[in-house]
Amino acid sequence: MKRSIINFWILFSIVSFGLFSCKDDSNETEEITPAEQHFTISAWATGSEQYIAPVRSLTEGKLTFKGNGLEAQGSRYLWHKQYVYQMNLPEKKFIQYEMKTDGTIAQKSYILTDGVVPNYFQSLNVVDDNTLLVLGGLDANKGQVGWARIRVADFSVIDKGTLTVPYDAAKPDVTFYLGRGFVDNGKFILGGYFYNASTRAYVVEGTKALVFDYPAMNNMKVISTNLTNGSVGYDYLHTVDKDEEGNHYFVVSSGKYWTGNGGKSGVLRIKKGTAEFDPTYFFDVTTAVGVENEACLMGINYVGNGIAFGTVQYENKMTSVRDRLNDVAQVVKLNLNTKTVTVMNTPLSPVGMVRSPLVFNNKYYTGISSVGKEAFIYEFDPAGGADSFKKGLALDGGGYMQVQLIAPNPTK
Amino acid sequence: MYGVLNRLEAQTTDTSSRKYNWAQTIIGRTAGELNGIRAQKSEYQFEDRNAMLIANSSYALNPNHTLAASFSYNGTNRTGSDALATAEWTIPFREPQHVNRHVAALSYQTMFWDEKLTSMVFVKNFGYTARTNVYNYNAGQQKELIPYLSESNKWGAGFGSKYRINTGTLVKLSFENTTRMPDGVELLGNGNTILNAPGLRLERSSNFNIGISQSFRTEQDKWSYELGFFFRNTRDLIWLGEGDLYGTSRYENIDKLRSMGGDFSVRYARKKWLEINGAVTYQDVRNRQRFISNGAVNLVYNDRMKNMPSLMANGEVRLKYPSAFGGHGGLSFYAGTDYVQGFFLSWPSLGNRSTKKKIPTQFLQNTGLTYTMLQNSMNVSLECRNIFDRQVYDNFLLQKPGRFISLNIRYFLHN
């Protein structure tokens, strides 16, 4: 026994010396050989069944959920660092999955939304490298919704509370619905939309967002612009991003079938460090794509050098919101500096693909699953023109495989 | 001829405003509980008026040939209202809905060879009309209430025959092409957790069954068994779908299935003091839809049916003491077991099997003691079910009771 204790201390000393001796030696850390790159993909497989599975490549091979993948339910995803988060709606669980260097993914933990915010985590946001900010409210929130900050490291709730959102007791049928937001310079800027339950129509008078003091999450202020009439930051699409300089870009959707009344959709900017819409900036994507298409911008991902990729839905091909399940969506390349649009020559597909595309190594990846046809992950090169894309990973199941999330596994 | 008029009134009150934890502390606000993340307060009430009529007649052409006709009608009218009128799920229920069904049948039965061979051919007509509502997108920006009228008329036919080889052996054979029409709950929902299903189609199937039963008797012992096989092709199986993202469910159609399987049951009795019986059922139900409605390849083609067990069995041993306590009563004791092999909630072939949601294998043991007295007018039963307190489920993660003991006293005023 005594010998064992002595051996233990000798071993402990050697290990400790090794750890402390290289603690501040960043060169040593960088010498760790990166593992092979893997990716994680979530998609609807059939009916209401959704799976999350790893793949070796986005540019080749085939993903099948036959005998492969974790069951999942819900449409709100977020990835940050080595984690993928999903809001499981039937179980009201906010689930943390860990992507691993060996290309696997496993559920690590979860938070039950009851008692944290009302209803469920509707708005999922990364506010800094170590913190998530989630918001949730009842459908009839009467101007009160909940928020909670979550520590990434141990996936625990740091603090929570309620915040005020617009509500007019004289117009009780008009409700503000939470969208996505971001934190900059001590402010939390939140998108969302107004909906009138009695007229069953979106309420759009210009474009509005909410600003709160952060981290206090109080002192609400409504900011607005009249550059277009629509709603910004829809909650489960990728509707807000920022450029190299830290300027923020909100997708404003003005479609008659999507958070607007058939106006001009596009991109609004909030400059770094400010809490107002940039009065000089509106990128009118609807007009640039061709007014006859009635294109409504649904989401964007910023790639770099002013280039973003996004998806529009052609509302001239739609007769109701249901038609978003038909081939009405098109990938577009947006130059946020010159405000020009390149309509990519990729096939049309349902709009579902827009939920969480990926920008990785200066390329843009999204799933295109045309109805009744083969489905693939496509890779887009921002340097090229309308044909600068290639088919990549095939999706077993074809047109039913609506990709929800593409995320890179860590390699270290 | 037989007729029934029913009237049913029901109300679902869902007006919770607060959520509590187990310590009765308020942990949050809510607006009702039903419908998951789309919950809104509701005081939904509905009234079903149901009329049922059954008429049978037969005519013996001669001792061995009989012609029979039957007609059945079942009509349900539902009206509903919601005083709070906010919950979206109640919107389709507030407008009148109805479902009317009828089955008319004509059969011809023959008996030959001293009634050893009995055969029947029949033809049926199935009529169905339903008026329902759906709250969905139509041709506008937002959801709206859309009336939905369904009408259908199908024909079916079949043949059945049984042949008694000797006093202890019977062989049966049947074939039927039939239709099953949605009933009230399937089409109109239950008023809370099951939503209406306006697009529900009639279930059609071709069924083939063959079976044999035999019994053997000695002075003290009696054996019997029954063995049957079935083959079934089903289109548009009517099926309660799993809960959706909002925590409610509705009946849906599974396009094309093929089922094969068999049942085997055996019974043994010795004098009047011992009975042993057991039964096992195996079914192989598979999805045979190659392409889904949008033309894509069906990923789960030839997959076993989700959320459905393949193997089930039960058995029981019963000991009887007919003249216990000096002949004043009868005492019986039984020990039994039930077995259901585990199965997956979703399509078995999709996803990693080690992490899939599964209804686990259930293997239960039960026992009981019954005392009968006063010339069978009264009996007292003490029963223990799930003796070993195993975790069992009625549906996915919907727990059934663990071990429980019950005392049942029954008395017949007239026996």
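Quick notes on this one:
- Given (1) crowded, with 17+ Cβ neighbours inside 10 Å; (2) not in a strand (DSSP E or B), number of the condition B:Gly330 does not satisfy: (2)
- Just one of the listed residues (B:Lys272, B:Lys320) is more than 13 Å from every other protein chain (Cβ to nearest Cβ), more than 23 Å from the chain's Cα centre (by Cα) and not in a strand (DSSP E or B), and it is B:Lys272.
- B:Thr132 being away from every other protein chain (no Cβ under 14 Å), touching a strand residue (DSSP E or B) at 6+ places or on another chain (Cβ under 7 Å), among the hydroxyl-bearing types (Ser, Thr, Tyr) and touching a residue at least 40 places away in the same chain (Cβ under 8 Å): yes
- In the range B:191-208, the count of residues that are buried (at least 16 other Cβ atoms within 10 Å of the Cβ), touching a Gly at 6+ places or on another chain (Cβ under 6 Å) and among the aliphatic types (A, V, I, L, M) is one or more.
- In the range A:42-63, the residue that is nearest to the other protein chains (Cβ to nearest Cβ) out of those that are surrounded by fewer than 20 Cβ atoms within 10 Å (Cβ to Cβ) and not charged (D, E, K, R) is A:Ser48.
- B:Thr193 passes every criterion in (1) without any contact (Cβ under 8 Å) to a residue 24 or more places away in the chain; (2) within 14 Å of another protein chain (Cβ to nearest Cβ) apart from (1).
- Selection count, the range A:305-340, where residues are within 16 Å of A:Ser265 (Cα to Cα) and away from chain B (no Cβ under 14 Å): 17
- Residue within the range B:244-254 that is over 28 Å from A:Lys66 (Cβ atoms) and more than 9 Å from every other protein chain (Cβ to nearest Cβ) present: yes
- Tallying residues that are part of a loop (DSSP other than H, G, I, E, B), among the β-branched types (Val, Ile, Thr) and under 18 Å from B:Pro309 (Cα atoms) within the range B:344-378 yields 1.
- Filter result for A:Thr338 (surrounded by fewer than 22 Cβ atoms within 10 Å (Cβ to Cβ), polar (S, T, N, Q) and part of a strand (DSSP E or B)): no
- Considered as a group, the residues in the range A:111-142 that are free of Cβ contacts under 8 Å to residues at least 60 places away in the same chain and among the hydroxyl-bearing types (Ser, Thr, Tyr) include one that is farthest from the other protein chains (Cβ to nearest Cβ), and that residue is A:Thr131.
- Members of the range A:341-357 that are surrounded by 17 or more Cβ atoms within 10 Å (Cβ to Cβ), modelled with pLDDT of 95 or more and within 20 Å of A:Val267 (Cα to Cα): A:Val341, A:Thr342, A:Met344
- Within the range A:120-175, considering residues that are within 23 Å of B:Gly32 (Cα to Cα) and of a type in the set (S, T, N, Q), the one surrounded by the fewest Cβ atoms within 10 Å (Cβ to Cβ): A:Gln144
- Residue match in the range A:314-323 (condition: more than 20 Å from B:Ser293 (Cα to Cα), among the acidic types (Asp, Glu) and buried (at least 19 other Cβ atoms within 10 Å of the Cβ)): yes
- Some residue of the range B:216-228 being touching an Asp or Glu at 6+ places or on another chain (Cβ under 9 Å), surrounded by 17 or more Cβ atoms within 10 Å (Cβ to Cβ) and at pLDDT 95 or above: yes
- Residues of the range B:160-178 that are over 24 Å from B:Ala104 (Cα atoms), of a type in the set (Gly, Ala, Ser) and part of a strand (DSSP E or B): none at all.
- Filter result for B:Met378 (among the hydrophobic types (A, V, I, L, M, F, W, C) and more than 27 Å from the chain's Cα centre (by Cα)): yes
- Breaking point among (1) within 14 Å of chain A (Cβ to nearest Cβ); (2) surrounded by 15 or more Cβ atoms within 10 Å (Cβ to Cβ), for B:Gly80: (1)
- Answer residue from the range B:379-395, given it is assigned to a loop (DSSP other than H, G, I, E, B) and not polar (S, T, N, Q) and is surrounded by the most Cβ atoms within 10 Å (Cβ to Cβ) among those: B:Val392
- Scanning the range B:57-68 for residues that are of a type outside the set (Lys, Arg), assigned to a strand (DSSP E or B), surrounded by 15 or more Cβ atoms within 10 Å (Cβ to Cβ) and in contact (Cβ under 8 Å) with a residue 12 or more places away in the chain turns up at least one hit.
- Taken residue by residue, the range A:318-327 has no member that is at pLDDT 95 or above and of a type in the set (A, V, I, L, M, F, W, C).
- Which listed residue is farther than 21 Å from A:Ile189 by Cα, of a type outside the set (A, V, I, L, M), more than 9 Å from chain B (Cβ to nearest Cβ) and touching a strand residue (DSSP E or B) at 6+ places or on another chain (Cβ under 8 Å), from A:Lys66, A:Lys108, A:Lys92, A:Lys81: A:Lys108
- The residues in the range A:386-401 that are modelled with pLDDT of 95 or more and part of a loop (DSSP other than H, G, I, E, B) can be counted, and the count is 3.
- Within the range B:295-314, being surrounded by 16 or more Cβ atoms within 10 Å (Cβ to Cβ), among the polar types (S, T, N, Q) and not in a strand (DSSP E or B) holds for B:Asn298, B:Asn307, B:Ser310.
- Within the range A:289-307, the set of residues being surrounded by fewer than 20 Cβ atoms within 10 Å (Cβ to Cβ) and not in a strand (DSSP E or B) comprises A:Gly290, A:Val291, A:Glu292, A:Asn293, A:Asn305, A:Gly306.
- The set of residues in the range B:6-33 being within 11 Å of chain A (Cβ to nearest Cβ), over 16 Å from A:Gly137 (Cβ atoms) and either touching a residue at least 12 places away in the same chain (Cβ under 8 Å) or surrounded by 12 or more Cβ atoms within 10 Å (Cβ to Cβ) (or both) consists of B:Tyr20 alone.
- For B:Ala296: the one exception among (1) touching a residue at least 40 places away in the same chain (Cβ under 8 Å); (2) more than 24 Å from the chain's Cα centre (by Cα): (1)
- Test result for B:Glu252, closer than 30 Å to A:Ala72 by Cβ, in a loop (DSSP other than H, G, I, E, B) and among the acidic types (Asp, Glu): no
- Selection status of A:Asp159, on the phi < 0 side of the Ramachandran plot, of a type in the set (Asp, Glu), in contact with a strand residue (DSSP E or B) (Cβ under 8 Å, 6 or more places away or on another chain) and away from chain B (no Cβ under 14 Å): yes
The values are calculated or read from the model by the stated rules, or taken from the named source; none is laboratory data. Because the structure is a prediction, the values reported are computed rather than measured. For neighbour counting, all protein chains shown are included, and Cβ atoms are generated from backbone atoms with ideal geometry for every residue, glycine included.
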